[in-house]
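Q: My questions all concern the structure below.
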């Protein structure tokens, strides 16, 4: 068996065999609380043999009040498993409101991470006209981040491209035609596929959710299939009234699979996509979550699917 030279794992099967993590990292935010303090990254001890098991053992504050930390991701993953110059050392933690990026060193002392570098949201806005970061994915030694708006908070946003030193290369996409909004994305390079989903423009969702905005088509209902190599949308699928606000997208972990899923939040449905034997992309609804009646809510309360997770064995 080939030696594991770089970060991550050679296959999903190898990942399943990995030892348990000793610590986990989670974001803690003050948005909406009235507390004027910076958000922070909490380190939690999950080593069952440790005397501090289950406790927060360190807190790393950001440098700005009002970041609203959201999704985060690693600088390196299994996509550069064969590159022994790379290591999973840095956690990339963006603020969805400030557009600041905090690059956090988790390798020097995993139990007490430290701030390595900050990328200013203002620098990103001025250089690439993007704001409101969401999903962070490593791509070999580079990093791609979905950005939900332009510098003024209008859609559709785009994708920020960073190099391994966390310097701004530019915008990743060559053509954004066909995309009204941005949110999550995932890719399968062996099939030249990337799929992205839609939320809304920052100027729509930042003030708070308004059901009337859905009726006015200010929230998304489409997913986009990209030509990954040429960095442009190849096909857009409108999920219709049963696919309102499609958020989290997940491909199978198997890099040879074209199967994937997206959760439509407001409609509370799960859609499945795949390529058939002719190469045509098929999209089908496979799961319904029924709404429930809630007192003082104007319509039946939907399940609000905000995240989905696939087991490592797919």
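The values are calculated or read from the model by the stated rules, or taken from the named source; none is laboratory data. Values in this document were obtained by computation on a predicted structure and should not be read as measured data. Ideal geometry is used to build each Cβ from the backbone, glycine not excepted, and the neighbour counts take in all protein chains shown.
Q: In this structure, does residue 97 turn out to be in a loop (DSSP other than H, G, I, E, B) and at pLDDT 95 or above? Show your work before the answer.
A: Working: in a loop (DSSP other than H, G, I, E, B): yes; at pLDDT 95 or above: yes.
Here the answer is yes, as residue 97 does meet what is asked.
Q: Could you tell me which residue of the range 32-71 is nearest to residue 255 (Cα to Cα), considering only residues that are at pLDDT below 95 and surrounded by 15 or more Cβ atoms within 10 Å (Cβ to Cβ)?
A: Only one residue fits best here, namely 71.
Q: Suppose we filter the range 221-265 for residues that are touching a residue at least 60 places away in the same chain (Cβ under 8 Å), in a strand (DSSP E or B) and in contact with a helix residue (DSSP H, G or I) (Cβ under 7 Å, 6 or more places away or on another chain); how many remain?
A: Number satisfying all stated conditions: 0.
Q: I would also like to ask the following. What tally of residues in the range 120-137 results from selecting those that are assigned to a strand (DSSP E or B) and either touching a helix residue (DSSP H, G or I) at 6+ places or on another chain (Cβ under 6 Å) or within 14 Å of residue 97 (Cβ to Cβ) (or both)? Reasoning before the result, please.
A: Taking the range 120-137 as the starting set, the residues that turn out to be assigned to a strand (DSSP E or B) are 131-137.
Still in the list and also either touching a helix residue (DSSP H, G or I) at 6+ places or on another chain (Cβ under 6 Å) or within 14 Å of residue 97 (Cβ to Cβ) (or both): 131-134.
Residues that pass the stated criteria total 4.
Q: Looking at 163, 174 in this structure, which one is under 21 Å from residue 236 (Cβ atoms), at pLDDT 95 or above, touching a strand residue (DSSP E or B) at 6+ places or on another chain (Cβ under 7 Å) and surrounded by fewer than 20 Cβ atoms within 10 Å (Cβ to Cβ)? Explain how you work it out, then say what you get.
A: Numbers: 163 fails: under 21 Å from residue 236 (Cβ atoms).
The unique qualifying residue is 174.
Q: Test of understanding: among 164, 117, which residue is farther than 26 Å from residue 206 by Cα and in a strand (DSSP E or B)? Reasoning before the result, please.
A: Working: 164 fails: in a strand (DSSP E or B).
Answer to the check: 117.
Q: State whether the residues of the range 274-283 include one that is within 25 Å of residue 173 (Cα to Cα), outside the structural domain of residue 137 (by TED's automatic domain parsing), modelled with pLDDT of 95 or more and surrounded by 19 or more Cβ atoms within 10 Å (Cβ to Cβ).
A: no
Q: Only one of 197, 201 is in contact (Cβ under 8 Å) with a residue 60 or more places away in the chain, under 18 Å from residue 264 (Cα atoms) and either surrounded by 21 or more Cβ atoms within 10 Å (Cβ to Cβ) or in the same structural domain as residue 146 (by TED's automatic domain parsing) (or both). Can you tell me which? Reasoning before the result, please.
A: On the way: 201 fails: in contact (Cβ under 8 Å) with a residue 60 or more places away in the chain.
Step by step, each of 197, 201 is checked, and only 197 is in contact (Cβ under 8 Å) with a residue 60 or more places away in the chain, under 18 Å from residue 264 (Cα atoms) and either surrounded by 21 or more Cβ atoms within 10 Å (Cβ to Cβ) or in the same structural domain as residue 146 (by TED's automatic domain parsing) (or both).
Q: State all residues of the range 204-220 that are touching a residue at least 12 places away in the same chain (Cβ under 8 Å), surrounded by fewer than 17 Cβ atoms within 10 Å (Cβ to Cβ) and assigned to a loop (DSSP other than H, G, I, E, B); if no residue qualifies, say none.
A: If the condition is that a residue be touching a residue at least 12 places away in the same chain (Cβ under 8 Å), surrounded by fewer than 17 Cβ atoms within 10 Å (Cβ to Cβ) and assigned to a loop (DSSP other than H, G, I, E, B), then 206 is the only one that fits.
Q: Residue 277: more than 18 Å from residue 180 (Cα to Cα) and either touching a helix residue (DSSP H, G or I) at 6+ places or on another chain (Cβ under 8 Å) or in a loop (DSSP other than H, G, I, E, B) (or both), yes or no?
A: Spelling it out, residue 277 is indeed more than 18 Å from residue 180 (Cα to Cα) and either touching a helix residue (DSSP H, G or I) at 6+ places or on another chain (Cβ under 8 Å) or in a loop (DSSP other than H, G, I, E, B) (or both).
Q: Right, next: Restricting to the range 292-310, give me the number of residues that are surrounded by fewer than 16 Cβ atoms within 10 Å (Cβ to Cβ) and over 22 Å from the mean Cα position of the chain (by Cα). Spell out how you get there, then give the answer.
A: Keep residues of the range 292-310 that are surrounded by fewer than 16 Cβ atoms within 10 Å (Cβ to Cβ), which gives 292-301, 304, 306-310.
Pick out the ones that are also over 22 Å from the mean Cα position of the chain (by Cα) and you get 292-301.
Number satisfying all stated conditions: 10.
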